[in-house]
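Reading through the structure tokens given below for one structure.
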Amino acid sequence: MIKKAVIPAAGFGTRFLPATKAQPKEMLPIIDTPTIQYVVQEAVDSGIEDILIISGKGKRAIEDHFDRNWELEALLDEKEDNKFYNEIRHIGDMANIHYIRQKEMNGLGDAIRYARCHVGNEPFAVLLGDSIIDSVIPVTQQLIDIYEQYKQSVVAVQEVPREKVSLYGIIGGQKISDKLWQIDELVEKPDIRKAPSNLAFAARYILTPGIFDALDATTPGKNNEIQLTDAMSLLLQRESIYANVTQGTRYDIGNKMDYLKTIVHFGLKRKEFSGEFKKFLKDLVKGF
């Protein structure tokens, strides 16, 4: 059973400057909800309430967001604003969240290494803090179901256009079913001519504790950083790793175009906005 989740959220978010100069990219709002709240909610909806967030310098807003705000709660209670009072209380109570700082920006693999003491000798989930995946069944739950069957590491993957494989970590392997692969190769941002497939990592993982020894043995790779993909390649020499072709739509909030698409997508899903917003978009498109 997967009881713990790790959410790496230490990056500078340079692609969103100047918006991220004084706030974490993970706190960029999707209408009125910070990106990372959707990620935490996915873990909770998958049955995980023990969460470690790997943060960094300038990320205090994340901690404040998930903390209780007694003054605000008292004000809302006094005004009898039950909707916002219950919503704010839910944020503070939704999970047991712990924090540790990545002292230097040495890559995703290095960030995961900081979780070793927290997760101990247990398998654990990893959810990247700047990616939302909208799905009927939470993607983390999809991976947990596969882990419970095979008791090995599982990664979420999605098909990407062949011309974009050099932007992602890519897997190769043997197809077990329409949605499940057994991995025999992992490559970080491969040349398009050498990519083993067009199945790219999709920001969600279930990892066995063996990943920590693999991370310790991993030398800096792309961008002189400790790449999680490289560590998983070492882990693959000792354990099986599976890939689940994820059922859901992924939005990378570190990407400006995806951020715009996310706001439109979630705006159309919200009942209080959908009708008027849809009409606005139709009228707007006609004008171009």
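Brief remarks on what is shown
- Residues (more than 9 Å from Thr229 (Cβ to Cβ) and either modelled with pLDDT under 95 or surrounded by 18 or more Cβ atoms within 10 Å (Cβ to Cβ) (or both)) located in region 181-190: Trp181, Ile183, Asp184, Glu185, Pro190
- Only one entry of Val165, Val160, Val136 meets the criterion of being touching a strand residue (DSSP E or B) at 6+ places or on another chain (Cβ under 6 Å), in contact (Cβ under 8 Å) with a residue 24 or more places away in the chain and among the hydrophobic types (A, V, I, L, M, F, W, C), and that entry is Val160.
- Residue match in region 7-18 (condition: assigned to a strand (DSSP E or B), in contact (Cβ under 8 Å) with a residue 12 or more places away in the chain and within 19 Å of Gln102 (Cβ to Cβ)): yes
- No other residue among Gly254, Gly267 is assigned to a loop (DSSP other than H, G, I, E, B) and either charged (D, E, K, R) or touching a residue at least 12 places away in the same chain (Cβ under 8 Å) (or both) apart from Gly254.
- Annotation: of all residues in region 207-230 being closer than 16 Å to Leu128 by Cβ and β-branched (Val, Ile, Thr), the one that is surrounded by the most Cβ atoms within 10 Å (Cβ to Cβ) is Ile211.
- Members of region 32-60 found to be in a loop (DSSP other than H, G, I, E, B) and either of a type outside the set (Ser, Thr, Tyr) or farther than 17 Å from Ile206 by Cβ (or both), listed by number: Asp32, Gly47, Ile48, Glu49, Gly56, Lys57, Gly58, Lys59
- Sole residue being exposed (fewer than 14 other Cβ atoms within 10 Å of the Cβ), under 28 Å from Leu228 (Cβ atoms) and not hydrophobic (A, V, I, L, M, F, W, C), chosen from Lys103, Lys79: Lys103
- Selection within region 223-234 - at negative phi, assigned to a helix (DSSP H, G or I) and either hydroxyl-bearing (Ser, Thr, Tyr) or touching a residue at least 40 places away in the same chain (Cβ under 8 Å) (or both): Leu228, Thr229, Asp230, Ala231, Met232, Ser233
- Residues that are within 13 Å of the chain's Cα centre (by Cα), modelled with pLDDT of 95 or more and part of a helix (DSSP H, G or I), drawn from region 85-125: Ile112
- Taking the numbered list (1) surrounded by 14 or more Cβ atoms within 10 Å (Cβ to Cβ); (2) in contact with an Asp or Glu (Cβ under 9 Å, 6 or more places away or on another chain); (3) modelled with pLDDT of 85 or more; (4) not β-branched (Val, Ile, Thr) in turn, Glu42 passes all entries but (2).
- Subset of region 126-141 (residues that are over 12 Å from the mean Cα position of the chain (by Cα) and either aliphatic (A, V, I, L, M) or in a helix (DSSP H, G or I) (or both)): Val136, Ile137, Gln141
The values are calculated or read from the model by the stated rules, or taken from the named source; none is laboratory data. Predicted model only: the values in this text are computed from it and were never measured. When we count neighbours, we look across all protein chains shown, and the Cβ atoms used for this are built from the backbone with ideal geometry, even at glycine.
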